[in-house]
1. Taking H placed 1.01 Å from N in the peptide plane, check which residues at least 5 places from Ser476 or on another chain put their amide H under 5 Å from its amide H.
2. Around Pro203, under 14 Å between beta carbons, what's the net of Lys plus Arg minus Asp minus Glu among the other residues?
3. Relative contact order, percent, of the stretch 144-304 when contacts are C-alpha pairs under 8 Å separated by at least 6 residues?
4. In Å and from the alpha-carbon atoms only, list the Rg and Dmax of the chain.
5. Write down the Å³ per residue value for the convex hull defined by the alpha carbon atoms of the stretch 458-539.
6. Whole-Hz Karplus ³J(HN,Hα) for the stretch 35-44, in order, using 6.51 cos²θ - 1.76 cosθ + 1.60 and θ = phi - 60°, x for Gly and Pro?
7. Suppose accessible area is computed on protein heavy atoms with a 1.4 Å probe; arrange Thr67, Thr174 from highest to lowest.
8. Of all alpha-carbon pairs in the stretch 26-177, indicate the percentage at a distance above 23 angstrom.
Amino acid sequence: MAVDSTLSSAVGASVSEKDAKALQFIEEMTKNVDSVQERILGEILSRNADTEYLKRFQLNGATDRDTFKSKVPVVTYEDLQPEIQRIANGDKSPILSSHPISEFLTSSGTSAGERKLMPTIHEELNRRQLLYSLLMPVMNLYVPGLDKGKGLYFLFIKAETKTPGGLLARPVLTSYYKSDHFKSRPYDPFNVYTSPNETILCPDSIQSMYAQMLCGLIMREEVLRVGAVFASGLLKAIRFLQVNWKQFAHDIETGTLNPKVTDPSVRECMSKILKPNPELAAFITKECSEENWECIITRIWPNTKYLDVIVTGAMAQYIPTLEYFSGGLPMACTMYASSECYFGLNLKPMCKPSEVSYTIMPNMAYFEFLPHDDSSAQDSSRDSPPRLVDLADLEVGKEYELIVTTYAGLCRYRVGDILRVTGFHNAAPQFRFIRRKNVLLSIDFDKTDESELQQAIENASVLLKEFNTSVVEYTSYADTKQIPGHYVIYWELFVKDVANAPTDEVLSQCCFQMEESLNVVYRQCRVADSIGPLEIRVVKNGTFEELMDYAISRGASINQYKVPRCVSFTPIMELLDSRVVSKHFSPALPHWTPERRR
Ligand code: AMP
């Protein structure tokens, strides 16, 4: 079995005691994958044996894998919704977990247009913390000297709500940043951020971004790494600098904070950091007033060794833009996680984005895998559960859908991610993130699936009726060439009465109607300006037939041809764009409030 020699040889070599312990832990976990998984499942099943959910399947106290696999069904979020709703409404009985549900984590995945609510228990914070604590020891193997400076990370909290039963519902990172694990973390020279806690914990994201960027500019010489959770977040910060650099230069020149930052705790902490510095202000003015923003990251933060940002999965579309702004700095994708569970880390964080593989830590949850190419196993019928494979038994080169059983009470839950096994570290498989099932379009945290897009198009096309016009065909494209990116929908229309064709105003309203119909995460990203206005491009009649001809010329079967509902392949984009007759944009922001619609 292939073993990453850097990691193995580092254990016992001249790394700090703390790092050595973390690396030793990774070695132990990855060498003993199967026994750790067996133990974890046993622990979960014995502690949750008396929950209403598990009792339903009559395990009768059994905690072994065979009984579990034969009796407990594989489920989706929709299957668990009745239980989740009861917990949200205040039922405190042990429904899914014997430990009290401490809060709900709001996933960026949606169900019926609303964010999914993932139950969690207090101790999960320790598991998340444990995974975080492994990241720097691995990074230190590849990048020396990270204790000699700071990390400029753009980290944010988001709106939180309460369920009818009084439980908090908020994103997992908001929960983590607001926890004592983060707020009262002990000093660690390898994890010093330019952003003070007060700026990260400011609930107004604009004020938060403003203060974090200002700190980054003031401490620019000390910055050794620049990051955000996802690539889209870092690009949003760059755009923020593009729009606001004059204000930053003014603040730095005068040593006064922009009065638009009103949060008292941010103002107080910034008063200790911000001092008049005309020289720095002149430097920022010089760099930012240039037309060309190529390499702006390395120009402003010259000591940056890498970008710490996830560019795998849907975020891969941002790699060229980040390369442009950073002059090709390495991009480290350090971890793979979700609201349901934190999964694992990248043991070679400085590898190329296209080569990133994540190693799932077997102590985080019990993991099973549904072979993705095995069509007989796709259907999760309750009577005959599909054959799932254990973490230790996966095969290199194959694709699987990830299924988790967590301490918080999700049992055999389909996460919706498709992963490919690329190799092993010790006995632990390593995974390339392939894609999320059913996601068609994604710009930031939004994930729009085919049925949501279809529904949005149907709702919008109602506006065309009075013009005797209908949508004959459509496809879509996530345009990320500019910041923020936006959805482009190509429409081929059938206009019965050309004299009464829909006007630009009507088609713009169609854009708006589509946005109103899309899920809550899309609408929130729009309101937060991390997605630009939706665009409809009307194409000439016959364009979709040409698209089909093109696909057939490349080997598609006429019988089985289906119009792709999302496109990204350059020749197809060129064909579509060369047939565009008009372009229309959504004129307003869609409706969004933190409250759930239901
Ligand atoms: P959420 O529950 O909103 O935190 O979203 C979790 C999902 O984000 C995962 O199930 C993945 O689809 C995606 N995701 C998380 N980490 C990564 C990563 N490192 N690379 C690609 N996709 C990721």
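The values are calculated or read from the model by the stated rules, or taken from the named source; none is laboratory data. Computed from a predicted structure; not experimentally measured. Cβ atoms come from the backbone with ideal geometry, glycine included; neighbour counts cover every protein chain shown. Each accessible area value is taken on the protein alone, full model and side chains, heavy atoms only, with ligands, DNA and RNA left out. Shrake-Rupley method; radii C 1.70, N 1.55, O 1.52, S 1.80 Å.
1. Close amide H contacts, sequence-distant or interchain: Tyr490, Cys566, Val567.
2. -1
3. On the way: 212 pairs, mean separation 40.4, N = 161.
25 percent.
4. That works out to 25.3, 80 Å for Rg and Dmax.
5. 89
6. 5, 5, 4, 4, 5, 5, 4, x, 5, 5
7. Highest to lowest solvent-accessible surface, that is Thr67, Thr174.
8. On the way: 6034 of 11476 pairs.
Cα-Cα pairs of the stretch 26-177 separated by over 23 Å account for 53 percent.
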